[in-house]
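Structure first, then comments.
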Amino acid sequence: MSILVLYGTQLADTPEDAKVAMKILSEEGLLELPGDSARAEFLKNTLDESATEILRTALKEDIYTFSHVPNLTDENFAGNTSGVAMEFKLMGLEMITKTKEANYKRGLRQRIAIFAHYLGMKQIALESHSIVPQFSRGLPKNLLEISQIVNNLEGKVTNRQLISLLPFVEDPDAELEALEEEKKKNMEDMPMFNQDNTKPEDEVEDEESGVLGEEESQSDLPADGQGRKAGRQVR
């Protein structure tokens, strides 16, 4: 709100005339001043930008503090922090998320139960407990740290539990089946890659029989040669 101030003159001589002049001034927006020394200006509060910025920053921090939501644009939020430190910073938000998730899951189960009851009236069997709602977080994950954890726990927990730790795997059971099929396929393809280095059994048997035949012929040659030499000497 601004106040009109007159210097070196008056708006009117009497209060009644002043009211009339103020009405004309508000309707017409025109003010006539006598003489050169008279002047008029609006009196208003000057805005202190530094104080306003301090107040705005304090209100912003209080909103994030009371809502338990971290300021993702803050320079001190991210940095070179580990996964555990990041989880501590997001602990308040995680607690709020879990509370809302539990309430939402309860509502979904009630709707599923109502839908299963409706299907039961139509002679369609559906177990409402078999449908389990699943929720996934949209926060970024440190895949390098998770992979190190999986490698360290290999052989100590089941493969399904290890695969379930990976955020990009939606169905651990399907991933395990695909992994087993891939291993079987690789085992079946192994003999095909080794065919060039191994000879068939028929060729091995033929080579062995040929070697034995050569050894037998070589063993007969010296005796036959001696017999011919002896015959020549008798003659």
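The values are calculated or read from the model by the stated rules, or taken from the named source; none is laboratory data. Just so we're clear, the structure is a prediction, and the values are computed from it rather than from any experiment. Using ideal geometry, Cβ is built from the backbone for each residue, glycine included, and neighbour counts are taken over all protein chains shown.
Quick notes on this structure:
- When Glu41 is tested against (1) touching a strand residue (DSSP E or B) at 6+ places or on another chain (Cβ under 7 Å); (2) of a type in the set (Asp, Glu); (3) free of Cβ contacts under 8 Å to residues at least 12 places away in the same chain, exactly one condition is not met: (3).
- Cβ-Cβ under 7 Å pairs, at least 6 apart or on other chains, the stretch 163-189 side of a type in the set (Gly, Ala, Ser), far side in a helix (DSSP H, G or I): Ser164/Pro172
- Here is the figure for the stretch 115-133: residues that are modelled with pLDDT of 90 or more and either in contact with a helix residue (DSSP H, G or I) (Cβ under 9 Å, 6 or more places away or on another chain) or basic (Lys, Arg) (or both) total 3.
- Within the stretch 43-71, being aliphatic (A, V, I, L, M) and touching a helix residue (DSSP H, G or I) at 6+ places or on another chain (Cβ under 7 Å) holds for one residue alone: Val69.
- Set Glu32, Glu61: member being in a helix (DSSP H, G or I), loosely packed, with under 13 Cβ neighbours inside 10 Å, without any contact (Cβ under 8 Å) to a residue 60 or more places away in the chain and of a type in the set (Asp, Glu): Glu61
- Within the stretch 112-158, being on the phi > 0 side of the Ramachandran plot and of a type in the set (S, T, N, Q) holds for one residue alone: Gln123.
Yes/no matrix, rows are residues, columns are (1) at pLDDT 85 or above; (2) within 24 Å of Glu87 (Cα to Cα):
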{"site": "Lys156", "(1), (2)": "yes, no"}
{"site": "Ser164", "(1), (2)": "yes, yes"}
{"site": "Glu188", "(1), (2)": "no, no"}
{"site": "Val204", "(1), (2)": "no, no"}
{"site": "Glu214", "(1), (2)": "no, no"}
{"site": "Gly225", "(1), (2)": "no, no"}
{"site": "Lys229", "(1), (2)": "no, no"}
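- Only one entry in Glu94, Glu53, Glu41 is among the charged types (D, E, K, R), at pLDDT 85 or above and surrounded by 11 or more Cβ atoms within 10 Å (Cβ to Cβ), namely Glu94.
- Among the residues of the stretch 150-166, those that are surrounded by fewer than 14 Cβ atoms within 10 Å (Cβ to Cβ) and of a type outside the set (Gly, Ala, Ser) comprise Asn151, Asn152, Leu153, Glu154, Lys156, Val157, Thr158, Arg160, Gln161.
- Filter pass, Asn45 being in a loop (DSSP other than H, G, I, E, B) and either within 28 Å of Asn142 (Cα to Cα) or of a type in the set (Lys, Arg) (or both): no
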